[in-house]
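> Next up is a structure, given as structure tokens.
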Amino acid sequence: MEVMSSPEGQLLLVPRSAVPTLRFFINGRWEDAPDRETAPVTNPASGSIIAQVPLASAEDAARAVVAAHQAFLQWRDVPAVERVQVLFRYKTLVEQNVNAIARLICEESGKTLDEARGSVRRGILRIDEACAVPSLMPGESVESVSKGIDRYSLRQPAGVIFEPGKCITCGICVELASQARVPLGMTFIGRGFDLKIGVPLDGQLADGLQQVAEDCVKHCPTGALTFEDESKNVIKNTGL
Ligand code: SF4
């Protein structure tokens, strides 16, 4: 038997099989993992078990990373104006389900319902920021800045930047920095819906990534880590 909390917050004794076992989501499909060991997910407010999570093997993780990276290689060639349409639909779904998501956060993190709704609202603000990316990408041009001269600016890679709104906290950058023994490295900060990726001790991103910066940008599945755009002025002689 397991202890579960009812939607009204009462503790119930239920057969172990009634506690749902979660599934993997790999390459766009849900997968059962009946032969994996499981670990309980508890409601920290009541201590009751609300689900069992299958413990992924290294092979499961590798399959997920490879599938995500393959998708990323195609996705990054999709124009930004088309990519954000998915985010607009995502934002609509999150807005339509604020209360349902907030209840899940309450169960998993022990927050009050109001706090959980606030977390969802902050999440929606991050989606807003990501939706605005196409308007942040263009350079600019000025015709006839001088006699016979046009000027335009392009955005090109310079350093590495981190966009928290795109981060899915997969932990790949944490693992890569750890494997390379970067002294500061990257780490998980917070918990539940507020779980974030960051540099320990409020360090700078450059110090957290160091020699693995290029690898992390390459393997970050969502583009949350990218090379910074640097406006580069180009002067063009129009031959007038
Ligand atoms: S920054 Fe990228 S690689 Fe690092 S945890 Fe976030 S999504 Fe994963």
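The values are calculated or read from the model by the stated rules, or taken from the named source; none is laboratory data. Since the model is a prediction, treat every value here as computed from it, not as a measurement. As a convention, Cβ positions derive from the backbone with ideal geometry for all residues, glycine included, and neighbour counts pool all protein chains shown.
> Has segment 143-162 got at least one residue that is out of contact with any strand residue (DSSP E or B) (no Cβ under 9 Å at 6 or more places or on another chain) and within 15 Å of the ligand (Cβ to nearest atom)? Please lay out each step first, then the result.
First, the residues of segment 143-162 that are out of contact with any strand residue (DSSP E or B) (no Cβ under 9 Å at 6 or more places or on another chain): 147.
Okay, now just the ones that are also within 15 Å of the ligand (Cβ to nearest atom), so none.
No, segment 143-162 contains no residue that is out of contact with any strand residue (DSSP E or B) (no Cβ under 9 Å at 6 or more places or on another chain) and within 15 Å of the ligand (Cβ to nearest atom).
> Could you check segment 141-171 and list, in sequence order, the residues that are exposed (fewer than 13 other Cβ atoms within 10 Å of the Cβ), among the charged types (D, E, K, R) and either without any contact (Cβ under 8 Å) to a residue 24 or more places away in the chain or assigned to a helix (DSSP H, G or I) (or both)?
Once the filter is applied, which keeps residues that are exposed (fewer than 13 other Cβ atoms within 10 Å of the Cβ), among the charged types (D, E, K, R) and either without any contact (Cβ under 8 Å) to a residue 24 or more places away in the chain or assigned to a helix (DSSP H, G or I) (or both), segment 141-171 yields only Glu143.
> Being in contact with a Pro (Cβ under 6 Å, 6 or more places away or on another chain) and either surrounded by 14 or more Cβ atoms within 10 Å (Cβ to Cβ) or under 19 Å from Cys220 (Cβ atoms) (or both) narrows it down to one residue among Ala116, Ala80; which is it?
Details: Ala116 fails: in contact with a Pro (Cβ under 6 Å, 6 or more places away or on another chain).
Every option except Ala80 fails the conditions.
> A further question on this structure: Among the listed residues Glu175, Glu82, Glu107, which satisfies the condition of being within 16 Å of the ligand (Cβ to nearest atom) and either out of contact with any helix residue (DSSP H, G or I) (no Cβ under 6 Å at 6 or more places or on another chain) or over 30 Å from Gln204 (Cα atoms) (or both)?
Sole residue among the options that is within 16 Å of the ligand (Cβ to nearest atom) and either out of contact with any helix residue (DSSP H, G or I) (no Cβ under 6 Å at 6 or more places or on another chain) or over 30 Å from Gln204 (Cα atoms) (or both): Glu175.
> Run Gln74 past the list (1) touching a residue at least 60 places away in the same chain (Cβ under 8 Å); (2) assigned to a helix (DSSP H, G or I) and report the number of the one that doesn't hold.
(1)
> From (1) modelled with pLDDT under 90; (2) assigned to a helix (DSSP H, G or I); (3) farther than 22 Å from Ile127 by Cα, pick out the condition that doesn't hold for Glu107.
Looking at each condition in turn, Glu107 falls short on (1).
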